[in-house]
Amino acid sequence: MGVQCFLQNLLIFLSIYFQSGASSSSSKNILQPSDAAALLSFKSKADLHNKLAFSPNTSFAFCKWNGVQCTDFRAVKVIIEGMKLGGTFAPNSLSRLGELRVLSLQNNSLTGPIPDLSGLVNLKSLFLSYNYFAGSVPPSISTLHRLKTLDLSYNMLTGPVPVSLNNLDRLYFLRLDYNRFNGSFPPLNQSTLQIFNVSHNELSGAIPVTPTLSRFRASSFSLNARLCGEIIHKECRPIQPFFRSNPSPPPPAAAALSQTAQFHGALTQQNKNNHKRKKTDFIIGFSSGVFILLISSICLIFTAKKLRQAPKIEGSKSIGFDSSVTGNAEAVIRIEEENNELEERVRRVQEGMQIQMVGKSGSLSFCAGEAHVYSMDQLMRASAQLLGRGSMGTTYKAVLDSHLIVTVKRLDAGRLSGTSQEVFEGHMESVGGLRHPNLVPLRAYFQGKEERLLVYDYQPNGSLSSLIHGSKSSRAKPLHWTSCLKIAEDIAQGLSYIHQAWRLVHGNLKSSNVLLGSDFEACLTDYCLVALARPATEDDPDSTAYKGPELRKFNHREATSKSDVYSFGVLLLELLSGKHPSQHPCLTPDNMTKWVKSSRDEDVQEDDRLEMLLDVAVACSVTSPEQRPTTWEVLKMIQEIKEAVMMEDNEFDPNSGTS
C-alpha cells in the first residue's frame, strides 16, 4: 500500500509539473506531496475551528496556502500567526518538513507538549511564543544545529532549562521568559547570543558567571525570586522551603565530631526537654501578655470616658466656651483617637486568637508539587493579623515561628455550606495546580468539621484597590497611563491563563482581589472560588458594579469567562479614571472618553494612548456577553497597544538608532 500511495502521488506531481510547463514562475509554487501531507496533518490536530484554508484539493497543485512559502517544490517557511488555533502541535506533522528554514506559530492558543522536532534539520528560526505549550523543552531542539532564533516565551513550559542548549553554537536570539521553568540556570556561553530573556519563571540558585551571560542586564533574569549571584547583584543564601522549619544548629567541626558522638543521644534528649520548656514558657508568656493588654485597654477606655465627661460638666457651668474647655475637648479627642487605635490592636489580637482556635481536627493538604514540611498545628500557632473581610471570607496575615509570612483565608462557612468535602477537595486540587506569574499561588488548604482555610503566598505591597484609591489619610491620583497599561496586561495574562489553559473562571474579579507582588507585578487572588459558593447577597454597590448585567439580573446564574471579561472592563475603567466602580456613569463611548479624560491630567500624546486603552475597556463592558471579546483577544489588544507605543517611542527617540 505504501509503494502504491507513493507512486500515485508521484504521478500526480509529475502531471501537474508538466501541465505547468515547468516554468520558473510556476515551479516555485509547486508543493511536494509529502510536504502537503505534513501540513494537512498539522491542520487536522491544531485547527479545531477551521481557520486555515488548507484544502486537500489543492495540496498537490500550487503552494498557495496562506503562511506557506515554497522553493524547489519544498516548504521553506511556515508562518501561521494569530490564527486562534486551539488544538495541539501533532507529532510527525510539521517536523517532516526537512527543508523548512522558518517556523512561526506564535500568537495562537496551541496546547500540549512541543513535539519532537529533530526532523527539521535545516531550521534557522523557531517562534512558538504566546501559546499554551506545556511540559519540558524537547531534547530534539538542542540537535537543530543551524538554529539562530528560539522564542518559547509566554507559554507554560516547566522543568529545567536544558544544558544542551549550549550545543546551539549559532544561537543569536533566545527568549524563555513568562514560563514556569525551575531549577538552576545552565552556563550558556555562545559568543553569538545577542538577545536573551529568562524573566518571569521559577528559576533558583546562582547564575553562572560566563562571558555570555555577564553581558546581559539584571532585567533579563527578573522575577525569578530564588535566583541570585553576581550578575543580578543579589547575595546567594540557602533556599528555604515554603513552610520553613526552625533552622537546625550547625554541625560540629570534623575534628571534634568523633569526640562528641557519644554525647549525641543525651544532647538530643536535652534539646527536646528544653524545647518543651520553651514552648510552655512561650504559651504562658503570650497568654499573660494578651491578658495585660486587654486589662490595659479597659483601663484606658475607662479613663477616656471619664475625661470625655469632664469637659461636659465644665461646659455646663459656663455660658460660653473658654480656652480650658476647648483644651480639654482636644485632649479627649486625642485620647479617643489613641484609644481607638488600641481597641483596634486588641481586636486584632482577639481575632488572631480566634484563628488559632479553629479546626484542630484534620490535617493540612499541600497542593501538587509543594513540600510537606509544615503541619496544621504549627500554622495555627502563628500570630495572625486581620487584613480584611470579603465576600468569600476573612483574610489574615500569619507570621510563622520561622518568620515566614503567609496569607490565610478563612472561608465563609455559610457560602460554602452546600459543598461536600469531596467536591471541595477535588476543586482545590485543580485550583492548586494553577501556576502563573500573575496568579497568587495557592500552596495548601485545610478542611475540618466546620472550617475551611486556604494558604497563599503573602504579597507585600497591598492591593490594587489601595494603590488606585489611596488610604483614609491620603488620597491617590489616577495612575499614569503606562502603569495602567502594565497592570492591565498583567491582569489579562493571569485571566487568560485561567480561561484558556484550565477552562475555569475567576468569578470575583475586582481591584481588591488584585494584589501587588514584590516587583509590583499585578497578581490575581480569590480566583475560581465562586464555583463552590452560594450566590452572595451583597449590598456593596462597588462589588455589584463589577458583575455583568446577566449576573445582576439572574443572581443564581453561574459566572462565565464572558462575565469575567465584563469585570475586567470595569476594572480597567477604574484604573484609568481613579473612580470607584459605583461612580462610573452610564455613558456612550464618546462621552465615557470625555469623562475619563476629565479626571486626569495628560498631554495630547498621552490622550491618544489613553483612548486606545479606553476602547478595550468599552469593548469588554458591553451589555451582551456574546459581543464581548475573549480574554485572549483582550490580551492581544493590550499587547498591540504596547507594541505600537514602543515603536512610536523608538521612532522619536534620538538614541534609539539601529546598529
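List of remarks:
- With each label modelled as a point 7 angstrom along the Cα→C-beta vector, the Phe424-Val102 pair spans 5.6 nm.
- Ranked His580, His506, criterion: other C-beta atoms within 10 Å, fewest first: His580, His506
- Between Phe196 and Leu174, the built amide H atoms are under 5 Å apart, and every one of these is 5 or more places off in sequence or on another chain.
- Amide H within-cut-off set for Ser383, under 5 Å, with H built and near neighbours excluded: Val399
- Sorting His469, His480 from the fewest to the most surrounding beta carbons within 10 angstrom yields His480, His469.
- Placing a label point 7 Å from the Cα of Lys45 along the Cα-to-Cβ direction, the residues of the stretch 91-118 whose backbone N falls under 15 Å from that point are 91-97, 110-118.
- The modelled label-to-label distance between Asn92 and Gln627, using points 7 Å beyond Cα along the C-beta direction, is 4.9 nm.
- Of the peptides 430-440, 160-170, the order by per-residue mean of other Cβ atoms within 10 Å, starting with the highest, comes out as 430-440, 160-170.
- Computing FRET efficiency as 1/(1 + (r/R0)^6) for Lys64 and Ala413, where r is the C-beta to C-beta distance and R0 is 51 Å, gives about 0.20.
- Calculated FRET efficiency, Tyr458 to Thr71, Cβ-Cβ distance, R0 = 60 Å: about 0.60 to the nearest 0.05.
- Average Cα contact separation per residue, the stretch 554-641, under 8 Å, 6 or more apart, as relative contact order %: 41
- Take every pair of alpha-carbon atoms less than 8 Å apart whose residues are at least six positions apart; their mean separation over the length of the stretch 24-232 yields a relative contact order of 12 percent.
- Amide H to amide H distances under 5 Å link Gly470 with Ala476, where only residues 5 or more positions off or on other chains count and H is placed in the peptide plane.
- Calculated translational diffusion coefficient of the stretch 24-232 (37 °C, 0.692 mPa s; Stokes-Einstein with Kirkwood radius over alpha-carbon pairs) equals 184 µm²/s.
- Burial ordering of Glu633, Glu611, fewest other beta-carbon atoms within 10 Å first: Glu611, Glu633
- Peptides 526-535, 396-405, 124-133, 565-574 ranked from most to least packed by the mean count of surrounding Cβ atoms within 10 Å: 565-574, 124-133, 526-535, 396-405.
- Cross-link pairs beyond the 24 Å C-alpha cut-off, checked among Lys547/Lys579; Lys397/Lys547; Lys486/Lys510; Lys409/Lys477; Lys477/Lys594: Lys397/Lys547; Lys409/Lys477
- Taking all Cα pairs closer than 8 Å and separated by 6 or more residues, the relative contact order of the stretch 358-458 comes to 33 percent.
- Paramagnetic reach from Asp649 in the stretch 203-236 [backbone N under 16 Å; point 7 Å along Cα→Cβ]: 219-220
- Note on the stretch 373-435 and the stretch 512-590: Cα centroid distance 22 Å, given to the nearest whole angstrom.
- FRET E, pair His145, Ser204, Förster distance 22 Å, beta-carbon r, rounded to 0.05: 0.15
Throughout, read-outs are computed from the coordinates displayed, never taken from laboratory work. Just so we're clear, the structure is a prediction, and the values are computed from it rather than from any experiment. Don't worry about glycine lacking a Cβ; one is built from the backbone with ideal geometry, like all the others, and counts go over all protein chains shown.
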